[in-house]
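Right, one structure below, let's go through it.
Here, each number is a calculation from the coordinates, and none is a lab measurement. Just so it is clear, the model here is predicted, and its values are computed rather than measured. Cβ: placed from backbone, ideal geometry, glycine included. Neighbour counts: every protein chain shown.
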Amino acid sequence: MASIEVRNVTKVFQLPDGPLTALGGLDFEVGDREFVSIIGPSGCGKSTVLRLVADILQPTEGEILVHGESPAEARSKQLYSFVFQDPVMLPWRSVLKNVELPLEILGAAARKPFNDRPAELLDLVGLQGFEEASPNQLSGGMKQRAAIARSRLLNPKVLLMDEPFGALDEITRDRMNLELLRIWEETDAAVLFVTHSIDEAVFLSDRVIVLTPRPGRVFTDVEIDIPRPRGLELKQNEVGFRYSAKLRRALGEGAASAGIDIMTQETESLGADVPRPSGGSATEDEGR
Ligand SMILES: Nc1ncnc2c1ncn2[C@@H]1O[C@H](COP(=O)(O)OP(=O)(O)OP(=O)(O)O)[C@@H](O)[C@H]1O
Ligand SMILES: [Mg+2]
């Protein structure tokens with residue numbers, strides 16, 4: 001069964017100065033245990049797709065299924081978890097207590113099988129020894145590892161990741177890419193991953209979906225037919241370059257296919273645009 005089905009989804013936001021169509025007839029599937037990335041120009045609706053799958057937003061038209069269930073049902077069964085660009089960590093709790101957060105909505109009996117998991121997961125992501133540290137003592141990469149540990153806590157079937165490594169330097173991003181693949185290969189979860197980095201998308205994914213400029217729809221869907229396990233040399237070798245070039249070309253063609261109307265719309269809406277709302281409540285982290 002498919003992990004995620006997105007069927008002809010349109011999303012229109014009602015703004016004070018009129019409707020804004022963020023997604024226009026989006027259609028794709030993520031298979032069982034598949035790693036699928038979404039790339040596309042800023043504002044084309046990538047974060048919106050993840051929010052629709054996560055039941056944070058509702059589609060205007062169309063249907064979304066997560067393991068055959070509605071996003072609301074999938075949410076109540078904790079079939080998925082979400083990792084944002086800025087890890088949401090409560091600064092007054094230790095790293096371990098932050099990773100344990102999802103357990104707190106479970107009753108004592110339901111949480112019993114998971115009681116040892118937070119410490120095990122911190123080991124898995126290389127944060128052993130930092131259990132009692134405060135999140136403020138962690139680097140950006142370490143915080144993101146803690147967020148990934150937390151996202152695995154209840155063994156979700158689907159991991160939704162919105163530019164999780166976008167704020168990291170290149171070397172840390174490379175390490176996190178390797179670690180994410182290692183963790184994913186040890187689980188049975190599918191991943192839907194949004195990124196601005198073409199190289200990252202090629203390195204991680206089974207398939208890369210290229211969206212058109214807003215209103216976002218699938219321009220092309222490229223299978224990355226490179227065997228696993230993959231090493232970082234892929235980001236610098238001929239095979240990797242070929243796929244990156246293909247995706248870069250598709251992004252350009254997708255923009256061209258959107259035509260002059262879209263370009264005008266982009267220009268007009270630049271001032272009112274809020275292109276990067278992916279930070280969530282991360283500001284809570286700052287200034288404490
Ligand atoms: N809650 C909202 N209310 C109104 N408009 C929204 C809302 N969320 C997103 N939008 C608009 O929908 C469009 C798509 O936004 P979205 O955040 O999904 O883009 P994106 O592809 O993730 O962009 P980026 O690459 O910059 O993160 C944008 O024009 C944005 O301003
Ligand atoms: Mg976004």
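Tabulated data
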| quantity | calculated |
| --- | --- |
| Shape category assigned to the range 59-169 from the gyration tensor of Cα positions, a/c cut at 1.5 | oblate |
| Angle in degrees between helix 238-269 and the longest Cα principal axis of the chain, rounded to the nearest 10 | 60 degrees |
| Residues with amide H under 5 Å from that of Gly25, placed H, sequence gap 5 or more | Val9, Thr10, Lys11 |
| Shape call, the range 169-212: gyration tensor on alpha carbons, a/c limit 1.5 | oblate |
| Per-residue HN-Hα couplings for the range 203-211 [Karplus 6.51, -1.76, 1.60; θ = phi - 60°; Hz; x = Gly/Pro] | 4, 8, 9, 7, 9, 10, 9, 9, 8 |
| Cα gyration tensor category, rounded, prolate or oblate, for the range 1-121 with a/c compared to 1.5 | prolate |
| Summed side-chain charge close to Ile39 - residues other than Ile39 whose Cβ falls under 10 Å, Lys, Arg +1, Asp, Glu -1 | +1 |
| Packing-based order for 47-53, 112-118, 81-87, using average beta carbon neighbours within 10 Å, highest first | 47-53, 81-87, 112-118 |
| Placed amide H near His67: partners under 5 Å, 5+ positions off or other chain | Ile4, Glu5 |
| DSSP beta bridge pairing in the chain, given as percent antiparallel to the nearest 5 | 55 percent |
| Rg and Dmax of the chain, Cα atoms only, in Å | 19.0, 59 |
| ³J(HN,Hα) computed for each position of the range 195-201 - Karplus, 6.51 cos²θ - 1.76 cosθ + 1.60, integer Hz, glycine/proline x | 8, 9, 9, 5, 4, 5, 4 |
| Residue with peak Gaussian network fluctuation, the chain [Cα springs, cutoff 10 Å], from Val88, Val208, Val239 | Val239 |
